[in-house]
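Below is one structure, written out as structure tokens, with a few remarks after it.
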């Protein structure tokens, strides 16, 4: 089942990224579960993306941040082994996985360890967008001014 969000976007200005996100989410092909991954929230504004990449080396993986999209690509170089493979259970096919990031997200380091790629992600809220406390002050009552005489007013 597909939904047509076009009527919503005809009357909205500046929501192009949201429209692209809806289009991208609705066009994910069936069976696009390779490679498997987890997204964990490790703190109030911290996340870790962990992707299982057995058979890939760090030189065969590309991590790119472009226009609020995190792109992870992998392609295993062909092995010149002469051995006959009787069963291939470890998938080492090329892949490309995209993650749309919210505003104010910074991608930290990407590390490979034991066949797992981990990418650190942090939400950084600019000072201008953080809630700020406005101090409440007490207004001082106006002190009455002495009446001016006619001579003072004429001067």
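Hey, can you rank 84-96, 131-143, 63-75 by average C-beta count inside 10 Å, highest first? Working shown, then result.
Numbers: 84-96: 9.6, 131-143: 5.4, 63-75: 14.7.
So the peptides 84-96, 131-143, 63-75, ranked by packing, come out 63-75, 84-96, 131-143.
Residue 77 to residue 50: extension gain in nm, 0.36 nm per residue of separation minus the Cα-Cα distance? List each step's numbers first, then the result.
On the way: separation 27, 0.36 × 27 = 9.72 nm, distance 2.22 nm.
Full extension from residue 77 to residue 50 adds 7.5 nm.
Once the Cβ-Cβ distance between residue 127 and residue 101 is put in as r, and R0 is 22 Å, what FRET efficiency do you end up with, to the nearest 0.05? All intermediate terms of the calculation are to be shown ahead of the outcome.
Values: r = 20 Å, r/R0 = 0.92.
Between residue 127 and residue 101 the formula returns 0.60.
Based on the mean of other Cβ atoms within 10 Å per residue, sort peptides 124-130, 44-50 so the most packed one is first. Can you show the working numbers first?
On the way: 124-130: 7.9, 44-50: 14.6.
The packing order, highest mean first, is 44-50, 124-130.
Would you mind getting me the FRET efficiency between residue 84 and residue 34? Use the beta-carbon distance for r and R0 = 22 Å, nearest 0.05.
Details: r = 25 Å, r/R0 = 1.12.
The pair residue 84/residue 34 has a calculated efficiency of 0.35.
Can you tell me the Rg and the Dmax, both Å, for the Cα atoms in segment 29-98?
Reported Rg and Dmax, both Å: 14.9, 51.
Bear in mind these aren't lab numbers, they're just calculated from the coordinates by the rules spelled out. These figures come from a predicted structure and were not determined experimentally. Every residue, glycine among them, receives a Cβ derived from its backbone with ideal geometry; neighbour counts consider all protein chains shown.
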